[in-house]
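Structure record follows, encoded as structure tokens.
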Amino acid sequence: MTKISSLLLTLLVAASMAPDFAAAQEVSEQRIVLGLGKLVGAAPLIDIAILRQEAMDGGGVAMASLPNWGKIAKLPQMVVEIDFENDSVMIKPESYRSLGLIADALHHPNLWAYKFLIVGHSSSTGSDKHNLELSEKRAAAIGEILSTTFAVDPERLYAVGVGEYFPIDGSKGDSASNRRVQLVNLGVFTTP
Amino acid sequence: MKTRRTIATTLLIGLALTGATRAETLSYADAVTKLAQDCGADIKKFCHGLNLGNGRIADCLQKNAAKISPVCVGTITTVLTSISQREQAQAAYAGVCKHDIAQLCSSVKGDGYRLACLIKAEKRVGKACNQAITDAGWR
């Protein structure tokens, strides 16, 4: 398929994880700000190691049905498609804009008090372990880009990879949609 | 595109002359879009294997300045300048607008709502604060 390069940004508002997942929308900074800003109630405490383990043990069940990921699924979030070079953390220049849009949104006063979780996903081509590692590296790369090139305070960013464990559509495990990166608003933290 | 070029040119000339010309700042999204458009081919050619982040792409392009396209060379300057202008405006906002917030939006809680209040009260907000909001790209 040659349409990998097409940039698809899907905005996911609040908890509705399932049906409109693939519906592409015109995304603007304003939309990201509004979509991610709808945080109601206190955010749960996040332990990256637990989340990673839960994703591995969960083995492909819906994110919302797992105890810790279930809490994440309820938070304001959006899905961004970032085009990486095949089997690499290299982001294609065509996807720079998506990262820029996220950065603009994170620099807006509506969002600047919040912390965010970057969740990297991968296609199901290749071994589980390899995909998990790749998605970890991709999530970390996005965190690095946001905190260096785009000057977002690294203290506000958490990154975790979940490999192929939460595919959008099980029947299309290798589709570009599973190269998605999820951005979740974790809420206002008073760092312990 | 033409407009953006003009803005970029104005920005560069302004900086070259006095540094005093006020040009519209670019958002991160527009800045990197411009970078991808004007330097995408050079990035793929000369910086293959390098990822955005930590100044790697900018360093690589600058290192290869003699080989990359002149348009790309110009774009790097524009993009870096514009990003830093916007960052400065965002960092300065709280200080510059402190008085306006106290005067007009003191009862409003939350940074986002305060900004919305200032934007709504644009006509009564001071010039410096209005300019900071514009330069920060929040209007």
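Note on the stretch B:89-131: residues that are closer than 20 Å to A:Leu101 by Cα and touching a residue at least 24 places away in the same chain (Cβ under 8 Å) amount to 2. The set of residues in the stretch B:35-57 being more than 18 Å from the chain's Cα centre (by Cα), among the hydrophobic types (A, V, I, L, M, F, W, C) and at the interface with chain A (Cβ under 7 Å from one of its Cβ atoms) consists of B:Ile43 alone.
If you go through the stretch A:59-112 and keep only what is within 21 Å of B:Gly53 (Cβ to Cβ), assigned to a loop (DSSP other than H, G, I, E, B) and among the basic types (Lys, Arg), you end up with just A:Lys92. For the stretch A:86-95, the tally of residues that are at the interface with chain B (Cβ under 8 Å from one of its Cβ atoms) and free of Cβ contacts under 8 Å to residues at least 60 places away in the same chain stands at 4.
Specify which of the listed residues (A:Lys129, A:Lys115, A:Lys172) is more than 14 Å from chain B (Cβ to nearest Cβ), more than 14 Å from the chain's Cα centre (by Cα) and at pLDDT 85 or above. Going through A:Lys129, A:Lys115, A:Lys172 in turn, the sole match is A:Lys129. So which residues in the stretch B:58-71 are more than 9 Å from chain A (Cβ to nearest Cβ) and surrounded by fewer than 20 Cβ atoms within 10 Å (Cβ to Cβ), if there are any at all? Of everything in the stretch B:58-71, those that are more than 9 Å from chain A (Cβ to nearest Cβ) and surrounded by fewer than 20 Cβ atoms within 10 Å (Cβ to Cβ) turn out to be B:Asp59, B:Cys60, B:Gln62, B:Lys63, B:Asn64, B:Ala65, B:Ala66, B:Lys67, B:Ser69, B:Pro70, B:Val71.
Looking only at residues in the stretch B:115-139 that are over 22 Å from the mean Cα position of the chain (by Cα) and crowded, with 18+ Cβ neighbours inside 10 Å, the one that is nearest to A:His108 (Cα to Cα) is B:Cys117. Of all the criteria given as (1) within 11 Å of another protein chain (Cβ to nearest Cβ); (2) surrounded by fewer than 20 Cβ atoms within 10 Å (Cβ to Cβ), the one not satisfied by B:Arg86 is (2). Test A:Asp83 against the stated conditions and say whether it is within 14 Å of another protein chain (Cβ to nearest Cβ), farther than 30 Å from B:Asp135 by Cβ and under 14 Å from the mean Cα position of the chain (by Cα). When the stated conditions are applied, A:Asp83 passes them.
Looking at B:Thr77, is it of a type in the set (Val, Ile, Thr) and in the same structural domain as B:Ala41 (by TED's automatic domain parsing)? Yes; evaluated as a whole, the condition is true for this residue. From the list A:Glu164, A:Glu85, pick out the single residue that is surrounded by 23 or more Cβ atoms within 10 Å (Cβ to Cβ), over 30 Å from B:Gln85 (Cβ atoms) and modelled with pLDDT under 90. Of the residues listed, the single one that is surrounded by 23 or more Cβ atoms within 10 Å (Cβ to Cβ), over 30 Å from B:Gln85 (Cβ atoms) and modelled with pLDDT under 90 is A:Glu164.
Screening A:Ala151 against (1) over 20 Å from B:Tyr28 (Cα atoms); (2) surrounded by fewer than 19 Cβ atoms within 10 Å (Cβ to Cβ) leaves a single unmet condition, (1).
Against the numbered list (1) at pLDDT 65 or above; (2) more than 30 Å from B:Leu26 (Cα to Cα), A:Thr2 comes up short only at (1).
The one condition from (1) at pLDDT below 95; (2) touching a Gly at 6+ places or on another chain (Cβ under 6 Å) that B:Asp100 does not meet is (1). If you go through the stretch A:143-153 and keep only what is touching a Gly at 6+ places or on another chain (Cβ under 7 Å) and assigned to a helix (DSSP H, G or I), you end up with A:Glu144, A:Ile145.
Within the set A:Leu8, A:Leu75, A:Leu66, A:Leu36, the sole residue that is modelled with pLDDT of 85 or more, within 14 Å of the chain's Cα centre (by Cα) and surrounded by 14 or more Cβ atoms within 10 Å (Cβ to Cβ) turns out to be A:Leu75. If you go through the stretch A:96-111 and keep only what is under 20 Å from B:Ala132 (Cα atoms) and without any contact (Cβ under 8 Å) to a residue 24 or more places away in the chain, you end up with just A:Pro109.
Do we find that B:Ala31 is of a type outside the set (D, E, K, R), surrounded by 15 or more Cβ atoms within 10 Å (Cβ to Cβ), under 30 Å from A:Glu85 (Cα atoms) and in contact with a Gly (Cβ under 8 Å, 6 or more places away or on another chain) in this structure? Taking the combined requirement at face value, the residue satisfies it.
The values are calculated or read from the model by the stated rules, or taken from the named source; none is laboratory data. Note that the coordinates shown come from a computational prediction; the quantities given were computed from them, not determined experimentally. Methodologically, a virtual Cβ is constructed for each residue, glycine included, from the backbone with ideal geometry; neighbour enumeration extends over all protein chains shown.
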